[in-house]
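Below is one structure, written out as structure tokens; the observations come after it.
Just so it is clear, none of the values below were taken in a lab; they were calculated from the coordinates. These figures come from a predicted structure and were not determined experimentally. Glycine gets a Cβ as well: all are built from the backbone with ideal geometry, and neighbour counts include every protein chain shown.
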Amino acid sequence: MNASASRFGLLLDVDGPIASPVTRTVSPTIVGHLVALAAAGWPVVFNTGRSDEFIRRQVMEPMIAAGLPDDVQVHAVCEKGAVWFSFDGSGPDAVQVDQALALPASYADAVRELVTHKYAGHMFFDETKLAMVSVEQKIDVANADYLAEQETFDADALALMSSFDMGVCRLDHHAPDSDDSVDYRIDPTIISTDIEALGVGKDLGARRALSLLEAAGTPVPRTWRTVGDSRTDYAMADELHALGFDVAHVDVRPADGVPATPYPVLTVPGLIHDDAGEAFLARWAAMTAGLAKDDAGVA
């Protein structure tokens, strides 16, 4: 891999650190920082469970409107590595889908029916996903009410898989009689549930990110910052560290518990979610303008 020590590579989860988990939108301030960083030559890659449509609507279009140059490329790894595309100031490239990681359409149809007839008051079926199956909290529903209903939905979705002869597990659960011959898992978050192939994950997303940069002829930095709001997001930094990169992980929801890691974990005391994400983006943008030497002062 080519190397550059003059800048950081940024590998960014979207829900939480970039998009508000309340409004599901990205603030103009964050959009401005993202454009400034990309235009300054920092590789910007989104590594998210969100769909390509969500990234186009909530991230790409605002960045283009804010002045992303036509010759500056940004990459989006969606659905935890199963879907990806790139874009610049002129618009997006074609979306790529790893069909080997796509769930059966018949199961997706069954989950859609389950949501429609039993859970429509609290959640909706995400029609934009191309590989995984996802349901999400309605914006007008209190999060505590959604989380209580999510427990029952997850159990129903797990039971439904047995009728499709699909081996499945809960991300945080191991069935005592399981032989681990499963192909799919259920991954609940604070605002959604993703049902996905075992091959996807933020580690796969990190590898896709490196491949996209190399394919574009972009020098790959030796230093990276990964940003996320859940324990599964640490897999981005784990993967880059294992590949020999210098990495620090930014945790914008450290109250969930910060694990022991062989690399630094950065936080913003008193700030969480996109407020914390904005603080780091502002610091990095200041570094590109020569107004800050490093991001240590944010931690």
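Sum up the charges of everything whose Cβ sits under 15 Å from the Cβ of Ala296, counting Lys and Arg as +1 and Asp and Glu as -1, but leave Ala296 out. Result for the neighbourhood of Ala296: 0. Taking other C-beta atoms within 10 Å as the exposure proxy, Val83, Val72, Val133 rank Val72, Val133, Val83 from fewest upward. Applying a DSSP loop filter and a limit of 15 other Cβ atoms within 10 Å to the GluC sites (Glu not before Pro) in region 67-143 leaves Glu127.
Take the Cα of Glu151, step 7 Å toward its Cβ, do the same at Arg112, and the gap between the two points is 3.0 nm.
Here the 3J(HN,Hα) profile of region 50-58, calculated from phi with Karplus coefficients 6.51, -1.76 and 1.60 at θ = phi - 60°, is 5, 7, 4, 5, 4, 5, 4, 6, 9 Hz, Gly and Pro shown as x.
Among Ser20, Ser134, the ranking by other beta carbons within 10 Å of each residue's beta carbon, starting with the fewest, stands as Ser20, Ser134. Mean sequence separation of contacting Cα pairs (under 8 Å, at least six apart), scaled by the length of region 1-95, corresponds to a relative contact order of 26 percent. Phi-derived couplings, Karplus 6.51 cos²θ - 1.76 cosθ + 1.60 at θ = phi - 60°, listed residue by residue for region 125-134: 7, 7, 6, 8, 6, 9, 10, 8, 10, 9 Hz, with x used for Gly and Pro.
With both residues required to sit in the chain, DSSP beta bridges show an antiparallel share near 45%. Net length available on complete extension from Ala100 to Val220 is 40.4 nm, with 0.36 nm assigned per residue and the Cα-Cα distance removed. Over the chain, dividing the summed -39,500 (n - 2.57) contributions of all DSSP H runs of at least 4 residues by the number of residues returns a 222 nm mean residue ellipticity of -9000 deg cm²/dmol.
Label-to-label distance for Leu198 and Ala39 is 4.7 nm, based on points extended 7 Å past Cα in the beta-carbon direction.
Ranked for footprinting exposure by Cβ neighbours inside 10 Å, fewest first, Asp126, Asp88 give Asp88, Asp126.
If each residue of separation counts as 0.36 nm, what is the full-extension length gain between Asp140 and Glu127 once their alpha-carbon separation is subtracted?
Roughly 2.8 nm would be gained on extension.
Dividing the convex hull volume of the alpha carbon atoms of region 51-119 by its residue count gives 98 Å³ per residue. Computed over the alpha-carbon atoms, the chain gives an Rg to Rh ratio of 0.96, Rh here being the Kirkwood radius from the mean inverse distance.
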